[in-house]
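What follows is one structure encoded as structure tokens, with my remarks underneath.
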Amino acid sequence: MATTILGKTGIEVTPIGFGTWAWGDSLFWGYGKDYGELELRQAFQAAVAAGVTFLDTAEVYGLGKSEELIGKFVKETNAPTQIATKYMPLPWRFRAEDVADAVTASLKRLKMSSIDLYQVHFPAPSFLSQEGLMNALADEVEQGRIKAIGVSNYSADQLRTAHRFLARRGVPLAVNQMRYSLITREIETNGVLAAARELDVTILAYSPLAQGLLTGKYTASNPPTGARSLDRRFQAAGLQKIQPVLDQLKKLGDKYSKTPAQVALNWLMCQPGVIPIPGIKTAAQVEQNAGALGWELSADEVMELRYLG
């Protein structure tokens, strides 16, 4: 399978990754009710079989359970994997030693000697300055406990600041993980995407299917139930607004024998320096998302979807 590089790090990953927020999370996702370790192991095995070995997690996902499950599953395979996790800059983490302790805890849960990509989960206010945080992370790179540094949800200015502090240490900033999809494109207008491209920072696109809006499963005549029914985007007016996008996704899907979701993911993969990371919790979801690989929309089709989105 073709690979792509995370920023200027030289680290190769698959052109699509998988998010694991749902792994071990019982509060939001219902881990242990509708699915459990068996289904997640099958999802991991399906990902490896599909050649998608780039997984994104965080220390707070399932309060560490996601990292533990990934660590267990990785030990069960001989396939090379690339694992990204995240550090939460909580207010009481105000020392460089707190960063080191968090890395140690993640390494223990992941059962690994080093982490491929370690990201700051949010640009939250903290007694530890951004300069102090970036220096602490650069120390971890120099010690070999993390291979690359990333951030998540950083504005253009915050991205430039983090990049500048790391550059002083001779360490590249690898990624900025942002919400990005065909119909969620704020990073194109708020300067984040432009800054990332200028600095050669990869965008990891989370929620690339807009929480299911782009799957084609929901329409104005077939809205979702549950929590999403309270979201205006999923209500009749919101669904009717994006119907032209859904129609075009289906039309292109028919052309390429793909689903609307696969077309939406492929559109993101056609954007320079962007890697979508849809969430997964079943083997079926893995197979669905992996169908975005191995083919490519034409430049005209990419532009047509951009205009409709």
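Rounded if a/c is under 1.5, else prolate if a/b beats b/c, else oblate: with a ≥ b ≥ c from the C-alpha gyration tensor eigenvalues square-rooted, which is region 130-261?
prolate
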For region 118-168, rounded, prolate or oblate, judged on the Cα gyration tensor with a ≥ b ≥ c (square roots of eigenvalues), a/c < 1.5 rounded, else prolate if a/b > b/c? prolate
For helix 243-256, what angle does its Cα long axis make with the longest principal axis of the chain, in degrees from 0 to 90 and rounded to 10? 90 degrees
Convert each backbone phi in region 66-74 into a coupling constant with the Karplus relation 6.51 cos²θ - 1.76 cosθ + 1.60 (shift: θ = phi - 60°), then list the ³J(HN,Hα) values in order as whole Hz, x for Gly and Pro. 4, 4, 4, 5, 4, x, 5, 5, 4
Between the DSSP loop rule and a limit of at most 14 other Cβ atoms within 10 Å, which GluC sites (Glu not before Pro) in region 1-101 are left? Glu76
Between 0 and 90 degrees, rounded to the nearest ten: what's the tilt of helix 96-110 against the longest Cα principal axis of the chain? 60 degrees
Spatially near lysine pairs across region 11-148, Cα under 19 Å, sequence gap of 8 or more or different chains: 15
Amide H neighbours of Val151 at under 5 Å, excluding residues fewer than 5 places away on the same chain, with H built from the backbone geometry, are Val120, Val175, Asn176, Gln177
What ³J(HN,Hα) values, in whole Hz, does the Karplus curve 6.51 cos²θ - 1.76 cosθ + 1.60 give for region 289-297 when θ = phi - 60°, with x put for Gly and Pro? 5, 5, x, 7, 8, x, 7, 7, 5
Distance in Å, no decimals, from the C-alpha centre of region 257-288 to the one of region 108-184 is 25 Å
Could you work out how much longer the chain between Lys251 and Asp101 gets when fully extended? Use 0.36 nm per residue separation minus the Cα distance between them, nm to one decimal. 48.9 nm
Per-residue accessible area for Tyr256 at 1.4 Å probe radius, Å² rounded to 10? 60 Å²
Ala58 long-range amide H proximity, modeled H, under 5 Å: Glu67, Lys86
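For Met1 and Gln240 in one chain, what is 0.36 nm times their gap in residues minus the Cα-Cα distance, to one decimal in nm? Present the calculation step by step, with values, prior to reporting the outcome.
Details: separation 239, 0.36 × 239 = 86.04 nm, distance 3.76 nm.
Taking Met1 through Gln240 to full extension adds about 82.3 nm, to one decimal.
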Per residue of region 275-281, in order, report the coupling 6.51 cos²θ - 1.76 cosθ + 1.60 (Karplus, θ = phi - 60°) as ³J(HN,Hα) in whole Hz, putting x for Gly and Pro. 10, x, 10, x, x, 9, 8
Given labels modelled 7 Å from the Cα in the Cβ direction, how far is it in nm from Asp200 to Phe94? 3.8 nm
What are the lysines whose alpha-carbon lies under 17 Å from the alpha-carbon of Lys217, with same-chain residues fewer than 8 places away excluded? Lys241, Lys250, Lys251, Lys258
With a ≥ b ≥ c from the Cα gyration tensor eigenvalues, square-rooted, and the rule rounded for a/c under 1.5, otherwise prolate when a/b > b/c and oblate otherwise, the chain is prolate
May I ask what percent, to the nearest 5, of DSSP beta bridges between residues of the chain are antiparallel? 15 percent
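The values are calculated or read from the model by the stated rules, or taken from the named source; none is laboratory data. None of these values were measured; they are calculated from a predicted model. Counting neighbours? That spans all protein chains shown, and the Cβs are built from the backbone with ideal geometry, glycine included. With ligands, DNA and RNA removed, areas are computed over all heavy atoms of the protein, side chains included. Shrake-Rupley method; radii C 1.70, N 1.55, O 1.52, S 1.80 Å.
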